[in-house]
1. Hey, with R₀ at 30 Å, roughly what FRET efficiency would V104 and E223 work out to, going by the Cβ-Cβ distance, to 0.05?
2. Beyond 23 Å between alpha-carbons counts as too far, so tell me which of K113/K145; K145/K242; K118/K145; K44/K113; K32/K145 fall in that bin.
3. If the label point is 7 Å along Cα→Cβ of S25, which residues in the stretch 71-97 have backbone nitrogen under 13 Å from it?
4. Gaussian network model of the chain, Cα springs within a sub-10 Å range: biggest mean-square fluctuation belongs to which of L37, L75, L165?
5. Once R0 is set to 35 Å, what does the formula 1/(1 + (r/R0)^6) return for the Cβ-Cβ distance between L141 and H17, expressed as a FRET efficiency to the nearest 0.05?
6. Pick out which of S25, S222, S237 has the largest mean-square fluctuation in a Gaussian network model of the chain, springs linking Cα atoms closer than 10 Å.
7. On a 0 to 90° scale, report how tilted helix 108-117 is relative to the longest principal axis of the chain, with both axes built from alpha carbons and the result rounded to the nearest 10.
8. Using a 7 Å offset from the Cα along the Cα-to-Cβ direction at both I266 and A130, what is the distance between the two label points in nm, to one decimal?
Amino acid sequence: MTEETMTLEVTRYRPGHDREPRTESFTVPYRKDWVVLDALNHIKDRIDGTLSYRWSCRMGVCGSCGMMVNGVPKLTCAAFLRDYRPGPIRVGPLANFPVIRDLVIALDDFMEKLRRVKPWIIRAVEKPVADGEYLQTPAQLDAYKQFSMCINCMLCYAACPVYGLEPAFVGPAAIALAYRYNLDSRDEGYRLREPVLAIALAYRYNLDSRDEGYRLREPVLSEAVGVWECTFVGECSVVCPKGVDPAAAIQRSKLAGATDWLLSMIMPWGGRR
């Protein structure tokens, strides 16, 4: 009996070697329980060991195996071959990112944007460790839990037409993570502007010398290439494998920013803290 097979059309690109990306076809065995990542591993192990791509956990947790599958951003560890029969399956690097080699993209821009929104708990003054944890109620946890599920897979950036046209846009995942910490009852990083606290926080977190101490999350989100750059296409939420809904985070951040601006006009001593 002839073994069932499928064809993968894989984007290949080696800077300094290729003038532009090209497509190479590979025939792989078809297995009902195989995902696209299994097929890529088969190619690398059995056919062409020079094929380059990222992967790690194979369980939809690490977020490193994101690629374009038939033109749609997908985690290749969750894209089953059976859903693409009879094929062929087109596999390429995530859209909107520079390509390092084959299916490997450069992460520098995303990592810089992640750093700017400071996705960690910021406190003006930390309480002593001996005093125990910062406690939360179940309701306080539920307020931000959905937005904490982000695995930094960058599928949302590949799906976002705004980021494709304006690379300076902070982007869906970074904004969703900023929103997640803004909602966290333990966090005080939304709007700390006082000079004394700014200096203390700069020292406490050893902030980058390029970063002004008072520029915490709100100014980053409210700048021209922050939340207001988003035109609410919503594709980021469609492709998110964890149901984070970054589009909702962006729209809610717009509302919070607009509310605070209005309050600052009515009450110059400040809006939300």
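The values are calculated or read from the model by the stated rules, or taken from the named source; none is laboratory data. Given the structure is predicted, the values throughout are model-derived calculations rather than measurements. Glycine also receives a Cβ, built like all others from the backbone with ideal geometry; neighbour counts cover every protein chain displayed. Only protein heavy atoms, including side chains, enter the accessible area calculation; ligands, DNA and RNA are left aside. Shrake-Rupley method; radii C 1.70, N 1.55, O 1.52, S 1.80 Å.
1. Taking R0 as 30 Å, the efficiency between V104 and E223 is 0.50.
2. K44/K113; K32/K145
3. The answer is 87-90, whose backbone nitrogens lie closer than 13 Å to the label point.
4. L165
5. After rounding to 0.05, the efficiency reads 0.10.
6. Top of the fluctuation ranking is S25.
7. 20 degrees
8. With each label point 7 Å from Cα toward Cβ, the separation is 4.5 nm.
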